[in-house]
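Shown next, in structure tokens, is the structure this report addresses.
The values are calculated or read from the model by the stated rules, or taken from the named source; none is laboratory data. Since the structure is predicted, the reported quantities are computational estimates derived from the model, not experimental observations. Counting neighbours? That spans all protein chains shown, and the Cβs are built from the backbone with ideal geometry, glycine included.
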Amino acid sequence: MNAPKLDKVIIVAATALIAGCSSQQMQTAPAPGRTGPDITASDLKTRLYAYADDSMMGREAGTVGNMMATAYIAAQVKRMGLEPAGDSGTYFQEIHATSTRFTGGPPGTARNVVAILRGSDPTLREEYVAIGAHNDHIGIRRPAVDHDSLIAYHQELDRLGVPSWDRKFTAKRDSLKSVIHINVDSLHRIRPAILDSIANGADDDGSGTVTVLEIAENLANAKVKPKRSILFVWHTAEEKGLLGSKWFTEHPTVPREKIVAQLNMDMVGRGGAADITGGGPYYLQLVGSRRVSTELGDIVEQVNAKREHPFKFDYQYDANGHPERIYCRSDHYMYARYGIPITFFTTGLHDDYHQVTDEPQFIDYDHMKRIADLVRDIAVTVANLDHRPKVDKPVGDPMAACVQ
Ligand SMILES: [Zn+2]
């Protein structure tokens, strides 16, 4: 997810060199292994521990970390046998942006990864259902922070029963300092502070990235392929202002008018009750699903209703004028502005958003698997329709500023 225009997200880290609490719930990293055709929580976990590893250095667009991350995605889709659909027969589409936007490296070193699973119908295969996520994150944070202090901070608030939506207010945070200070002093007598400066972005948007990979692997192995083609795009520089999706939609590598829908996932790995009000195993936020096409919004509902345990969709962030402006803050918007029906799927913002603690051990892999299944089923349903989802909402000037 892209940072909001007004920086309402208070960075806890800077003020919270405060505590260490030893009982973080560490899950052990999975042993490296091959993933299989089925969409499984275990495969998602295997992929995310690789993708959100410290070696990717936070995946910031314009840095070596983002090159490594995109190389990983390309290697995976090559192994699946997907068609390359980037520049010059490769899986990469380099975006050209001004050097000032890429502080971490030379200009032109940020790239989308683009691949196609060709459809089975001789006519409809020339149309595309796009599925996307963003491959970048925010890189290295300075100064390094005491990693455990952030976890301790939230544990202390858990103990006090402070709800997650109320944690960004300084008054409450400051009142905790002395309590947590005592803890950190005693802890540091036992071991030094564990400093961390790499924002791993496991949820943002490692979760969306590996979910798209799992869907791709599943469909690539399906006996019967969808009628329309599936276009997979892992956008870069989302965190710099949706630059990768802006570039792709302005320089599409398939005819833009042949993209019949775009399904975007950004931060789909959390959504539990501790993370968000109303959260739980079947919690999912939808944004924009009827903003271009009522029919697409209806299809999403119908596919969900057929599930054994349907999701409880939360549409509150889709409201016109909502202050978080989620509709404008991830890649789907760049498609919607051209009148392409979109749906944005997310489990929502949480306390580890854009912090060094957004890490794979805090991801709910079973929840992610259910979302992967849902989005796969929606994509296949749309790909097999005998018509394109009808655009029945006005389409404005694609170059105008986004208004939610
Ligand atoms: Zn983000």
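Quick notes on this one:
- Number of residues in segment 320-348 that are in contact (Cβ under 8 Å) with a residue 24 or more places away in the chain and farther than 25 Å from Phe232 by Cβ: the value is 5.
- Every condition in (1) away from the ligand (no atom under 16 Å from the Cβ); (2) surrounded by fewer than 18 Cβ atoms within 10 Å (Cβ to Cβ) holds for Arg388 except the one numbered (2).
- Residue within segment 139-160 that is at pLDDT 75 or above and under 29 Å from Asp377 (Cα atoms) present: no
- Test: residue in segment 212-223 that is basic (Lys, Arg), modelled with pLDDT of 95 or more and under 21 Å from Asp386 (Cβ atoms): no
- Among the residues of segment 57-73, those identified as buried (at least 21 other Cβ atoms within 10 Å of the Cβ), in a helix (DSSP H, G or I) and in contact with a strand residue (DSSP E or B) (Cβ under 8 Å, 6 or more places away or on another chain) are Met57, Gly58, Arg59, Asn66, Thr70, Ile73.
- Arg370 being surrounded by fewer than 24 Cβ atoms within 10 Å (Cβ to Cβ) and assigned to a loop (DSSP other than H, G, I, E, B): no
- Look at (1) within 16 Å of the ligand (Cβ to nearest atom); (2) surrounded by fewer than 19 Cβ atoms within 10 Å (Cβ to Cβ) and you find that Gly269 fails only one, number (2).
- Restricting segment 256-265 to residues that are away from the ligand (no atom under 16 Å from the Cβ) and touching a residue at least 60 places away in the same chain (Cβ under 8 Å) leaves a set whose member that is surrounded by the fewest Cβ atoms within 10 Å (Cβ to Cβ) is Lys258.
- Taken across segment 162-174, residues that are modelled with pLDDT of 70 or more and not assigned by TED's automatic domain parsing to the domain that holds Asn264 do not occur at all.
- Matching entry among Gly208, Gly278 (being at positive phi and either buried (at least 24 other Cβ atoms within 10 Å of the Cβ) or free of Cβ contacts under 8 Å to residues at least 60 places away in the same chain (or both)): Gly278
- Criterion (surrounded by fewer than 24 Cβ atoms within 10 Å (Cβ to Cβ), touching a Gly at 6+ places or on another chain (Cβ under 7 Å), closer than 26 Å to Val380 by Cβ and not basic (Lys, Arg)) met by exactly one of Ala220, Ala193: Ala220
- Failed item, numbered, when Ile342 is tested on (1) β-branched (Val, Ile, Thr); (2) touching a His at 6+ places or on another chain (Cβ under 9 Å); (3) more than 27 Å from Leu243 (Cβ to Cβ): (3)
- Considering only residues in segment 221-248 that are more than 20 Å from Ala74 (Cα to Cα) and outside any loop (DSSP other than H, G, I, E, B), the one that is nearest to the ligand (Cβ to nearest atom) turns out to be Glu239.
- Sole residue being modelled with pLDDT of 95 or more and either more than 21 Å from Asp204 (Cβ to Cβ) or of a type in the set (Lys, Arg) (or both), chosen from Arg111, Arg125: Arg125
- Restricting the first member to segment 63-75 and to residues that are in the same structural domain as Glu238 (by TED's automatic domain parsing) and within 17 Å of Arg47 (Cβ to Cβ), and the second to residues that are in a helix (DSSP H, G or I) and among the aromatic types (Phe, Trp, Tyr), the beta-carbon pairs closer than 7 Å and six or more apart or on different chains are Ala69/Tyr51; Tyr72/Tyr51.
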